[in-house]
Amino acid sequence: MEFDRKKFEQARFEPRTEEVPVPDLAGFFSGLAKKEVPGWKVRGLTGPELGQCNEAAENNRKIGAILEGLVGQSSKEIKAAIKELTGNGEAVPQDIAKRLSMLVIGSVDPAVDRPLAVRLCEYYPIEFFQLTNKITTLTGQGHMPGKPPGSGKAKK
């Protein structure tokens, strides 16, 4: 069996997506019918995006030290607020730092920024892990080849 490099290079790829049910977050979704389970749409990551997540885990310790130096003279409340917003407190394990980045990058609907990811991780850890596990699974499956574009005008 031979790998068709030309076909691979010409293929268009789309990220795999999936909607993850998040019933415990139903109170935060508007417009749901009774007994309707809300879904959080996530997608697989590209190689460079996965690299960013891995770097986030590695940089977690460094950022904490930098923040400590920058706000070393500030009040404890300011330090705590900055660490909470960035998700870089002393107790943030590298795995969590990686998953925070994964959720920010891999969330399709709703869109997620870092403060929202930190808050979800803190108050809904099971859903946080379910979402990031699904992102990991979709990433591992790779992107899906999309439909090839048409060769020209449609025949009459």
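The values are calculated or read from the model by the stated rules, or taken from the named source; none is laboratory data. Values in this document were obtained by computation on a predicted structure and should not be read as measured data. Cβ coordinates were reconstructed from backbone atoms using ideal geometry, including for glycine residues, and neighbour counts include every protein chain displayed.
Any residue at all in the stretch 17-33 that is under 20 Å from residue 124 (Cβ atoms), of a type outside the set (A, V, I, L, M, F, W, C), touching a Gly at 6+ places or on another chain (Cβ under 7 Å) and modelled with pLDDT of 90 or more? Checked against the condition, which is being under 20 Å from residue 124 (Cβ atoms), of a type outside the set (A, V, I, L, M, F, W, C), touching a Gly at 6+ places or on another chain (Cβ under 7 Å) and modelled with pLDDT of 90 or more, the stretch 17-33 yields at least one hit. Within the stretch 24-56, if we keep just the residues that are part of a loop (DSSP other than H, G, I, E, B) and in contact (Cβ under 8 Å) with a residue 24 or more places away in the chain, the residue that is farthest from residue 135 (Cα to Cα) turns out to be 46.
Looking only at the stretch 91-116, residues that are closer than 21 Å to residue 59 by Cα and touching a Phe, Trp or Tyr at 6+ places or on another chain (Cβ under 8 Å) come to 2 in all.
Of the numbered criteria (1) modelled with pLDDT under 65; (2) of a type outside the set (Lys, Arg); (3) buried (at least 16 other Cβ atoms within 10 Å of the Cβ); (4) touching a Lys or Arg at 6+ places or on another chain (Cβ under 9 Å), the one residue 53 fails is (1). For the stretch 5-23, the set of residues classified as of a type in the set (A, V, I, L, M, F, W, C) and either in a helix (DSSP H, G or I) or under 17 Å from residue 104 (Cβ atoms) (or both) consists of 8, 20, 22, listed by residue number.
Selection of the stretch 88-132 for residues being farther than 19 Å from residue 24 by Cα and acidic (Asp, Glu) yields 90, 95, 113.
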